[in-house]
1. With +1 on the Cβ of every Lys and Arg and -1 on the Cβ of every Asp and Glu, and nothing else charged, how large is the dipole of the chain about its Cα centre, in debye rounded to the nearest 20?
2. Want the number for Gln79 to Lys48: 0.36 nm per residue separation, take away the alpha-carbon distance, what's left?
3. Return a single number: how many Lys pairs in the chain, at a sequence separation of 8 or more or on separate chains, have alpha-carbon atoms below 22 angstrom apart.
4. Considering only Phe54, Ala94, Leu33, whose Cα is most displaced toward the positive end of the charge dipole of the chain, charges sitting on Cβ of Lys, Arg (+1) and Asp, Glu (-1)?
5. What is the local net charge at Gly58, summed over the other residues whose Cβ is closer than 14 Å to its Cβ (Lys, Arg +1; Asp, Glu -1)?
6. Can you check what the net charge comes to around Glu81, using other residues whose Cβ is under 13 Å from the Cβ of Glu81 (Lys, Arg +1; Asp, Glu -1)?
7. Considering the values (1) 14.8; (2) 16.4; (3) 15.9, which represents Kirkwood radius over Cα pairs in Å as calculated for the structure under consideration?
Amino acid sequence: MQLMSPHEPLLLVNAGEDSVGTRVEIDHLAATLLGMQAEFTVTVAEVKGRAITFEVAGTDGVDAIARGKHMRFVVDVKQTEARLAAKAAKAKAAQGA
């Protein structure tokens with residue numbers, strides 16, 4: 001959510017909404033020596049309705065060390081809480097059966 005906060009108008013994240021991760025893809029490209037610093041850059045690559053895709057790039061100053069994508073989806077907090085409460089009730093009932 002912190003990555004999305006500066007982009008809230010663009011990403012349509014409003015009061016009563018949050019985001020959930022839906023996918024993470026990371027390619028490891030090169031080794032980094034112990035003691036080297038790594039820097040990762042994350043950018044908003046695509047906004048499609050309530051789905052947001054971030055692109056990630058990592059470097060150790062010598063080589064590109066990683067690249068990937070992280071996808072998130074904006075959800076209504078109250079609806080998500082209700083859905084999870086219903087799932088918890090089902091899980092509890094299944095344990096008692």
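1. Values: 11 positive and 12 negative charges, 147 e Å.
For this selection, approximately 700 debye.
2. Values: separation 31, 0.36 × 31 = 11.16 nm, distance 2.07 nm.
Net length gain for the segment: 9.1 nm.
3. Details: Lys48/Lys69; Lys78/Lys87; Lys78/Lys90; Lys78/Lys92.
Taking the Cα cut-off of 22 Å, the pair count is 4.
4. Going by the Cα projections, it comes out as Ala94.
5. Numbers: positive: Arg67, Lys69; negative: Glu25, Asp27, Glu39, Glu55, Asp60, Asp63.
Charge balance in the 14 Å sphere: -4.
6. On the way: positive: Lys78, Arg83, Lys87; negative: Glu17, Asp18, Asp76.
Computed value for this residue: 0.
7. Label of the calculated value: (3).
Every read-out reported here was derived from the displayed coordinates using simple, explicitly stated rules and does not represent laboratory data. Note that the coordinates shown come from a computational prediction; the quantities given were computed from them, not determined experimentally. Please note: Cβ atoms are built from the backbone with ideal geometry, for glycine as well, and neighbour counts cover all protein chains shown.
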